[in-house]
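One structure is given here, and the rest of the page talks about it.
The values are calculated or read from the model by the stated rules, or taken from the named source; none is laboratory data. These numbers were taken from a predicted model, which means no experiment stands behind them. Cβ coordinates were reconstructed from backbone atoms using ideal geometry, including for glycine residues, and neighbour counts include every protein chain displayed. These accessible areas exclude ligands, DNA and RNA; they are computed on the full protein's heavy atoms, side chains included. Shrake-Rupley method; radii C 1.70, N 1.55, O 1.52, S 1.80 Å.
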Amino acid sequence: MRTFVLLMCLAVGCLAQAPHPCRSPPLLTGAMSVANEKFNAYAKYDYDALGERIRFKEMGSYENKTFGLDALLLFREGVMYTINHKNRTCKKERLKKEDFHPMEIPADAALLGQVILGSSSGPGQGLLVNTWYGERATTTGGKDKWMSTFTEFGCIPVSTTYYTDKTGWVLTTFFNIVVGIDDPQQFFPPKFCQGAKVDETAEAANFYSILKNIKN
């Protein structure tokens, strides 16, 4: 009985603390689902905030057509590889270095609320999370909007809803996350990509350029 009372007091104390913006661990491996009106995908990812590198291996549907995709985004080098293992080919595009955004809640975000996902009736039955809202000015004078939910402890992403004029609302849900990188080789393109050339005249790619490559 004393143990249960102690646990409940600790839970109440945690809820009483004011949530604050945070940044996720710099090295993460996990899975995610991404969806909007036309696009639905499941992906495994490796995330390296220290080297500003992300690897996505996706499968899903776009405009009612199924696809598989392997993309390596090297922001510090300013390139993105779209890798086709079946044909052993690579598409190499310019990537805007400033488009790398770490998994975090920025200092100017507005707190929408703190809740427990699941149940607070007993230990291990719920997850304490914070939901935040923010806006980011675009180069065209508009505003991108986002709403993100992160865990209170560890600052692990749970879900993000992001709006741009080009994509509409995009919902991303994160799960099976492990802190650390299992295989550092995921951040290096395969040998058959060595001859890939960048079209310097083409528009620089970004995360949503992956949708464009699905149709190519």
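What to note about this one:
- When residues in the stretch 45-75 are screened for being modelled with pLDDT of 95 or more and open to solvent by 40 Å² or more (accessible area, probe 1.4 Å), 3 of them pass.
- Scan the stretch 164-176 for residues that are loosely packed, with under 11 Cβ neighbours inside 10 Å and either modelled with pLDDT of 95 or more or closer than 16 Å to residue 73 by Cα (or both) and the total you get is 1.
- Pick from the stretch 25-42, criterion under 27 Å from residue 165 (Cβ atoms) and in a loop (DSSP other than H, G, I, E, B), ranking: modelled with the lowest pLDDT: 38
- When residues in the stretch 161-185 are screened for being farther than 20 Å from residue 49 by Cβ and among the small types (Gly, Ala, Ser), 1 of them pass.
- Among the residues of the stretch 130-139, those identified as under 19 Å from residue 18 (Cβ atoms) and either of a type in the set (Gly, Ala, Ser) or touching a residue at least 24 places away in the same chain (Cβ under 8 Å) (or both) are 130, 132, 133, 134.
- Of all residues in the stretch 145-162, those that are closer than 18 Å to residue 47 by Cα and at pLDDT 95 or above have Cβ atoms under 7 Å from Cβ atoms of residues that are of a type in the set (Gly, Ala, Ser) and not in a strand (DSSP E or B), 6 or more apart or on another chain, in 155/24; 156/24; 157/24.
- Residue count, the stretch 105-122 (criterion: assigned to a loop (DSSP other than H, G, I, E, B), touching a residue at least 24 places away in the same chain (Cβ under 8 Å) and either β-branched (Val, Ile, Thr) or in contact with a Phe, Trp or Tyr (Cβ under 9 Å, 6 or more places away or on another chain) (or both)): 3
- Residue 142 open to solvent by less than 40 Å² (accessible area, probe 1.4 Å) and without any contact (Cβ under 8 Å) to a residue 12 or more places away in the chain: no
- The sole residue among 179, 198 that is hydrophobic (A, V, I, L, M, F, W, C) and modelled with pLDDT of 95 or more is 179.
- Residue match in the stretch 134-145 (condition: of a type in the set (Ser, Thr, Tyr), closer than 24 Å to residue 36 by Cα and either assigned to a strand (DSSP E or B) or within 15 Å of the chain's Cα centre (by Cα) (or both)): no
- Residue pairs whose Cβ atoms lie under 6 Å apart, separated by 6 or more positions or on different chains, with the first residue in the stretch 74-89 and in contact (Cβ under 8 Å) with a residue 12 or more places away in the chain and the second open to solvent by 60 Å² or more (accessible area, probe 1.4 Å) and outside any strand (DSSP E or B), are 75/97; 78/97.
- In the stretch 163-187, of all residues being part of a strand (DSSP E or B) and either within 14 Å of residue 109 (Cα to Cα) or hydrophobic (A, V, I, L, M, F, W, C) (or both), the one that is nearest to the chain's Cα centre (by Cα) corresponds to 174.
Residue-wise test of (1) under 26 Å from residue 154 (Cα atoms); (2) surrounded by 12 or more Cβ atoms within 10 Å (Cβ to Cβ).
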{"site": "86", "(1), (2)": "no, no"}
{"site": "90", "(1), (2)": "no, yes"}
{"site": "100", "(1), (2)": "yes, yes"}
{"site": "108", "(1), (2)": "yes, no"}
{"site": "113", "(1), (2)": "yes, no"}
{"site": "119", "(1), (2)": "yes, no"}
{"site": "124", "(1), (2)": "yes, no"}
